[in-house]
1. Name the residue from P122, M103, V160 whose Cα lies farthest towards the positive end of the charge dipole of the chain, charges +1 on Cβ of Lys and Arg and -1 on Cβ of Asp and Glu.
2. For L342, what is the net charge nearby, where nearby means another residue's Cβ is under 13 Å from its Cβ and Lys, Arg count +1, Asp, Glu -1?
3. Quick query: amide H of V96 versus all other amide H atoms, modeled in the peptide plane; which residues come in under 5 Å with a sequence gap of 5 or more or a different chain?
4. For the chain, give the magnitude of the charge dipole about the Cα centre (Cβ charges: +1 Lys/Arg, -1 Asp/Glu; no others), in debye to the nearest 20.
5. Output wanted: per-residue J couplings in Hz (rounded whole) for the range 40-54, from phi through Karplus 6.51 cos²θ - 1.76 cosθ + 1.60, θ = phi - 60°, x for Gly and Pro.
6. Can you count the Lys pairs in the chain whose Cα atoms are under 27 Å apart, with each pair 8 or more apart or on different chains?
7. Select from A358, L342, A80 the residue farthest towards the positive end of the dipole of the chain; place +1 on Cβ of Lys and Arg, -1 on Cβ of Asp and Glu, and compute about the Cα centre.
8. Roughly how far apart, in whole Å, are the Cα centres of the range 312-387 and the range 174-200?
Amino acid sequence: MRLADRMTGIGSESAFEAAARARALEATGRSVIHLEIGEPDFETPANVRKAAKRALDEGWTHYGPFLGLPALREAIAADATRRKGFDARADRVVVVPGGKPVMFFALLALAQAGDEVVYPDPGFPIYESMARFVGAKPVPYAITQEHDFRVDLDELEGLVNERTRLLIINSPANPTGGVFTRSDIERVADLVLRHPELTVLADEIYGRIVHDGEHVSIASLPGLEERTIVLDGFSKTYAMTGWRMGYAILPEPLVDPFGKLVINSVSCVSSFSQVAAVEALTGPQGDVDAMVREFRARRDIVVDGLNAIPGIECAVPAGAFYVFPRVSGTGITGDSFADRLLDEAGVCVLGGGAFGHAGGDHVRISYATSRENLAAAIERIAAFVAGLGTSTPR
Ligand code: PLP
């Protein structure tokens, strides 16, 4: 079958592929510890599940308004005003199925051939994939362990020019767990204000999962609300990855284009899920706080465990639920480490190369699994690395 030319550049997300490989191995009877998963291992809070069941029984089973249920748009705006520190308005909120469509819609609406999209490397693989898909040139900026997994503003300055249409920032970040400081965000804002054609896509999907420091939304800085597409959602904060619930908070001129893209693609988000999402935002937040506390405790266990293994160097990430250790000290690349660790030791992690060239010496480990699993995984990784010293690298 002849595919359209635009399909040649499209990428993928290695977490889904690695999980499939791991499951195939398990089907042969092998034990696998899953550290590849980019989703909380907690249940969606009980009050939210209950609200969805009630909504189904009350008949929330039809199409809803394409921009989202008014009550949900109001709740999102109120939540963002409280937590993100800018005066978010409900008429700027568009509800979409997950955070991912916000990336796709932003790129479709703003970027085309001849335009440049500046994005973090390593970073969420869909940024580069979708930039390429819409015909724009993806331009990576490096996120390094040396720089605390934050942005190097001097490098970023040199990459932004008059062709740059979109600057993507992600804090707290996947795959590194890095968090931009207030001063980083202020300098990014200053750069944006000096480039009138530039829009920011601020991926804040991990904004509630911060262990050290604070989450600063760039939209809260003077003049930036009108220049920023805020991407957020329910997947990570409320352990709702399977619900497909996300949203954008947009500059006014983008609301209509986003609405048209919604109508042309998904029509609207499932109505009963939206009713439950109102409960997520307005109901008790104790489950979210408990989840974040548990993530922090696990982070410390994983970082200590990994740093005790010769050849592995693991920085302490300030947010999200990932660590991004450098493994090149063991004599192999991150991708080869991940492949062999699964085959030889039954631990599934992701090679850092899947998140961009700058991640090649690293692997991504998700600690969204029980402390017991994490302890067992660390033991297996230590034994695997000890074996590397005595075997011939492939
Ligand atoms: N942004 C980042 C940085 C992510 O890591 C993810 C999911 O892994 C998403 C966005 C997408 O979230 P959703 O599942 O809500 O589409």
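1. M103
2. Within the 13 Å Cβ shell, the charges total -2.
3. G246, Y247, A248
4. Numbers: 39 positive and 52 negative charges, 189 e Å.
Using only the charged Cβ atoms, the result is roughly 900 debye.
5. Values per residue, Gly and Pro as x: x, 8, 7, 6, 4, x, 4, 5, 6, 4, 5, 5, 5, 5, 5 Hz.
6. For the chain, qualifying lysine pairs total 12.
7. L342
8. What the calculation gives is 28 Å, centre to centre.
The values are calculated or read from the model by the stated rules, or taken from the named source; none is laboratory data. In this text the structure is predicted, and so the values were computed from the model without any measurement. All Cβ positions, even for glycine, are placed from backbone atoms using ideal geometry, and neighbour counts span all protein chains on display. To get the accessible areas, we keep the full protein, side chains included, count just its heavy atoms, and leave off ligands, DNA and RNA. Shrake-Rupley method; radii C 1.70, N 1.55, O 1.52, S 1.80 Å.
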